[in-house]
Amino acid sequence: MSVLRKDFLWGGAVAANQFEGAWNVDGKGDSVSDHCTTGSAKTPKRITVKIDPGTLYPSHEAIDFYHHYEEDIALFAEMGFKVFRTSINWTRIFPTGMESEPNEKGLEFYDKVFDCCKAHGIEPLVTISHYEMPYALVEKCNGWEGREVIDYYMNYCKAIFERYKDKVKYWLTFNEINCGTMAFGAILATGTVKGFEGYTNEVPDRPQERYQALHHQFVASALAVKYAHDNYPQFKMGNMICFITSYPLTCNPDDILANQARMREMNWYCSDVQVRGEYPSYAQSIWDKLGVTLKVEPGDAEILKQGTVDFYTFSYYMSNCVSTDPNAKKTDGNIATGAKNPYLPASDWGWQIDPKGLRYSLNEIYDRYRIPLMVVENGLGAYDKKEADGSINDDYRIDYLRQHIEQMIGAVKDGVDLMGYTPWGCIDLVSASTGEMAKRYGFIYVEKYDDGTGDLSRKRKKSFDWYKKVIASNGDDLA
């Protein structure tokens, strides 16, 4: 008998800016993602102030879900998806973010997507803002540094809540909100890149801007949650954290304390606010270390208290180690890097593979908050090879997912209340970190390549049938 709950939400996850395409179709405005060029594992992507007609911007076409949504959702249904985690492109609804009335064509598109999901018995899980800050708000407000963006965001939330009140039950306010604690998050998460043009790994590190922007996102998230609870009691509102599990590299007490500080700053700072409704005890020490002085308006503390989330969701790909030894060997990673763990293998992109770290993380998170959890991103980015007969035998992906699901089940046995699991990039899409197509995650292969070529045809990988079997058995059959 399955350890997982009978109504466990099996599915997959994507982001609008990484798979929709149709970047300027039917009135859509341009987002920060639309200003990011293609890159690779060795060459960072660039961000440009103006769109250069001679440059490849992968989000502009992506895999064109905009015109393939019926085919793609039918494939998800064939796998047995109970839930589909996707996002709404803010600029498809409000092209500059500042309009008073929404773009009807944009609203109609998501009507069709959610209706198609429902027709297949799939529950949408919608991220309201997933790395698609309207570029016009970057130019006007330096992204979320401008407090007025809270009102623009709420205008957007009210429009989509009312429109989809009978179609969407589960909402996440911001994707990986804690990326705002890192320099790279200025592009992805906070949009604090006014006037910046260059490689994404060279964006100026301005903690004051990012932490002020984060405060505005916390207030906006809490206002959205409270508004939903007051007006749409059927909604379940969640947060979303990029959980970067880290361990002390050694038992040196200096490493222990350094890792504790890293976990607080990286993982707990944002979710403590969103789940507990107030800044944590250690927040001031973080601000002092970074030279940050937050401007907090009267009433903000009360808003944070009133807008705590109903459930906690997170991404988990890897772990790393923290060392106070400057000569410790480093490893690559998802958003954050760290010291290399000698006990772990790594992916093609140098991300260390640590299934047991997922169990550890689930236990730590649930012990801390005691609200339902959901793993809404997990997966293996890899170079997928097509065989002579056209098949894609991605046994390495099956192995990765199997090991993580086993540890997820272990965490449930440990007592964790786990709602569901949506592996990342259930269909191949553009990488958020590198802007490439070669880094593939999906159960479904898409004929699209880094140079922009490809006929966009879809093909099931070996992992497609494996995941179908896993869902049908509610996690009992992982062979």
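The values are calculated or read from the model by the stated rules, or taken from the named source; none is laboratory data. What you are looking at is a predicted structure, and each value in this text was computed from that prediction instead of being measured. Glycine gets a Cβ as well: all are built from the backbone with ideal geometry, and neighbour counts include every protein chain shown.
Which numbered condition trips up residue 434, out of (1) part of a strand (DSSP E or B); (2) out of contact with any strand residue (DSSP E or B) (no Cβ under 7 Å at 6 or more places or on another chain); (3) of a type in the set (Val, Ile, Thr)?
(1)
Considering each of 348, 417 in turn, give the residue that is over 28 Å from residue 80 (Cα atoms) and surrounded by fewer than 21 Cβ atoms within 10 Å (Cβ to Cβ).
On inspection, the qualifying residue turns out to be 348.
Being free of Cβ contacts under 8 Å to residues at least 24 places away in the same chain and either out of contact with any strand residue (DSSP E or B) (no Cβ under 8 Å at 6 or more places or on another chain) or over 22 Å from residue 433 (Cβ atoms) (or both) is the filter here, so list the residues in the stretch 447-469 that pass it.
Within the stretch 447-469, 447, 449, 453, 455, 457, 465, 469 meet the criteria.
Would you tally the residues in the stretch 459-474 being surrounded by fewer than 19 Cβ atoms within 10 Å (Cβ to Cβ) and assigned to a loop (DSSP other than H, G, I, E, B)?
Total satisfying the criteria: 2.
Taking residue 171, is it out of contact with any Pro (no Cβ under 8 Å at 6 or more places or on another chain), more than 26 Å from residue 233 (Cβ to Cβ) and touching a residue at least 40 places away in the same chain (Cβ under 8 Å)?
Considered against the rule, which asks whether it is out of contact with any Pro (no Cβ under 8 Å at 6 or more places or on another chain), more than 26 Å from residue 233 (Cβ to Cβ) and touching a residue at least 40 places away in the same chain (Cβ under 8 Å), residue 171 comes out as no.
Can you tell me which residue within the stretch 428-458, out of those that are among the hydrophobic types (A, V, I, L, M, F, W, C) and surrounded by fewer than 22 Cβ atoms within 10 Å (Cβ to Cβ), is nearest to the chain's Cα centre (by Cα)?
So, considering only residues that are among the hydrophobic types (A, V, I, L, M, F, W, C) and surrounded by fewer than 22 Cβ atoms within 10 Å (Cβ to Cβ), the one nearest to the chain's Cα centre (by Cα) is 438.
Among the residues of the stretch 377-388, are any assigned to a loop (DSSP other than H, G, I, E, B), among the charged types (D, E, K, R) and touching a Leu at 6+ places or on another chain (Cβ under 9 Å)?
The answer is no, given that none of the residues of the stretch 377-388 is assigned to a loop (DSSP other than H, G, I, E, B), among the charged types (D, E, K, R) and touching a Leu at 6+ places or on another chain (Cβ under 9 Å).
Among the numbered criteria (1) assigned to a loop (DSSP other than H, G, I, E, B); (2) modelled with pLDDT of 95 or more; (3) among the β-branched types (Val, Ile, Thr), which single criterion is violated by residue 335?
Result: residue 335 fails condition (2) only.
Would you mind telling me which numbered condition in (1) under 28 Å from residue 146 (Cβ atoms); (2) touching a Ser or Thr at 6+ places or on another chain (Cβ under 7 Å); (3) assigned to a loop (DSSP other than H, G, I, E, B) residue 99 fails?
The one condition residue 99 does not meet is (2).
So which of 217, 212, 208 is over 27 Å from residue 112 (Cβ atoms) and within 18 Å of the chain's Cα centre (by Cα)?
217
Of a type in the set (Gly, Ala, Ser), surrounded by 21 or more Cβ atoms within 10 Å (Cβ to Cβ) and touching a helix residue (DSSP H, G or I) at 6+ places or on another chain (Cβ under 8 Å): is that true of residue 283 in this structure?
When the stated conditions are applied, residue 283 does not pass them.
Exactly one of (1) assigned to a helix (DSSP H, G or I); (2) surrounded by 22 or more Cβ atoms within 10 Å (Cβ to Cβ) is unmet by residue 68. Its number?
Single failed check for residue 68: (2).
Among helices (runs of 4 or more DSSP H) lying entirely in the stretch 104-184, which contain 2 or more residues that are farther than 26 Å from residue 243 by Cα and of a type in the set (Lys, Arg)?
Correct list: 104-119, 149-163.
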